[in-house]
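Notes follow once the structure below has been shown.
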Amino acid sequence: MQVVYIDVLIFTNMFEDYLLLLCLKRILKLNLNYIRLILGCVCGGALSLTALLPEINFVISLVTKVFSAVLLVLITFGYKNKKIFIKEVSTLFILSFLLNGALIFFYLTIQPMGMEIINDTVYFNISPALLIILTLLVYFILFIYRKLFSNTTRSSQIHKVKIYYGDSEVQVDCKYDSGCNVKEPFSGSEVIIIEEVMLKNLKIADNIKRVIPFNSLGGKGIIYGFRPDKVEIDDIIQEKEIYIGICKNLLNTEIKGLIPENLLKG
């Protein structure tokens with residue numbers, strides 16, 4: 001086997017973890033702090049040093065990979081609740097398994113120069129400087145792609161919602177969600193889900209709040225809601241009776257509100 005350079009091993013796996021964590025963010029629509037992303041990649045690079053240990057069996061390798069996935073999710077995305085955390089860890093583990101499987105297949109089929117599989121860890125004999133350049137190039141291409149093609153799709157999914165209550169009003173960018181079917185249980189009215197932090201300027205008395213059950217947003221439970229004086233969606237006053245459901249840290253994306261499908265059908 002060729003000589004393994006520790007710096008190259010670390011940088012290679014940092015790059016791999018960077019791609020995996022971005023994929024996880026995209027698939028589960030998670031909110032991402034890029035400082036935490038960098039810390040997660042550094043942790044993943046450090047964990048790749050286990051490849052230099054004596055050859056390990058399958059069980060120990062599996063336990064090590066699960067532990068790595070748990071640690072990367074905790075560092076990068078934090079802990080919200082048990083169900084969401086398990087979903088994040090399992091998805092990252094599956095993504096890692098698929099990527100490593102594809103790379104191992106590529107290695108066994110092509111046997112490229114400078115590539116090795118060590119204790120199920122991928123190693124490329126490539127300089128860290130070149131790896132950084134390639135990473136920046138990929139990021140630049142993705143940035144241009146998003147600028148050119150994502151604005152139309154995003155604008156069709158994001159809607160400006162104005163909520164009026166008493167003498168106050170707030171405006172929230174809400175995402176259209178075909179899976180959002182939460183309804184106020186007594187009236188059957190549609191419910192727009194809004195993060196509590198976005199409603200802090202509205203003085204809502206506790207005695208007017210309704211208990212609203214839900215079976216989405218990462219699990220089952222209840223949220224509290226209220227009926228506003230008026231709701232506008234994209235500057236159009238809504239004639240239907242609408243309730244606002246108040247959630248706490250359940251929308252793990254940059255978007256802080258969800259609009260049910262039926263409200264946009266007219």
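The values are calculated or read from the model by the stated rules, or taken from the named source; none is laboratory data. On a predicted model such as this, the values are computed, not experimentally measured, just so you know. Heads up, the Cβs are rebuilt from the backbone with ideal geometry, glycines too, and the neighbour counts pull from every protein chain shown.
Could you figure out which of (1) farther than 19 Å from Asn31 by Cα; (2) modelled with pLDDT of 75 or more; (3) in contact with a helix residue (DSSP H, G or I) (Cβ under 6 Å, 6 or more places away or on another chain) isn't true of Ser178?
Ser178 satisfies all of (1) farther than 19 Å from Asn31 by Cα; (2) modelled with pLDDT of 75 or more; (3) in contact with a helix residue (DSSP H, G or I) (Cβ under 6 Å, 6 or more places away or on another chain) except (2).
What number goes with the only condition from (1) modelled with pLDDT under 90; (2) touching a Pro at 6+ places or on another chain (Cβ under 9 Å); (3) surrounded by 12 or more Cβ atoms within 10 Å (Cβ to Cβ) that Ile244 does not pass?
Among (1) modelled with pLDDT under 90; (2) touching a Pro at 6+ places or on another chain (Cβ under 9 Å); (3) surrounded by 12 or more Cβ atoms within 10 Å (Cβ to Cβ), the lone unmet condition for Ile244 is (1).
Given the options Phe93, Phe85, Phe77, name the one that is surrounded by fewer than 18 Cβ atoms within 10 Å (Cβ to Cβ) and either modelled with pLDDT under 80 or on the phi < 0 side of the Ramachandran plot (or both).
Testing whether each residue is surrounded by fewer than 18 Cβ atoms within 10 Å (Cβ to Cβ) and either modelled with pLDDT under 80 or on the phi < 0 side of the Ramachandran plot (or both) leaves just Phe85.
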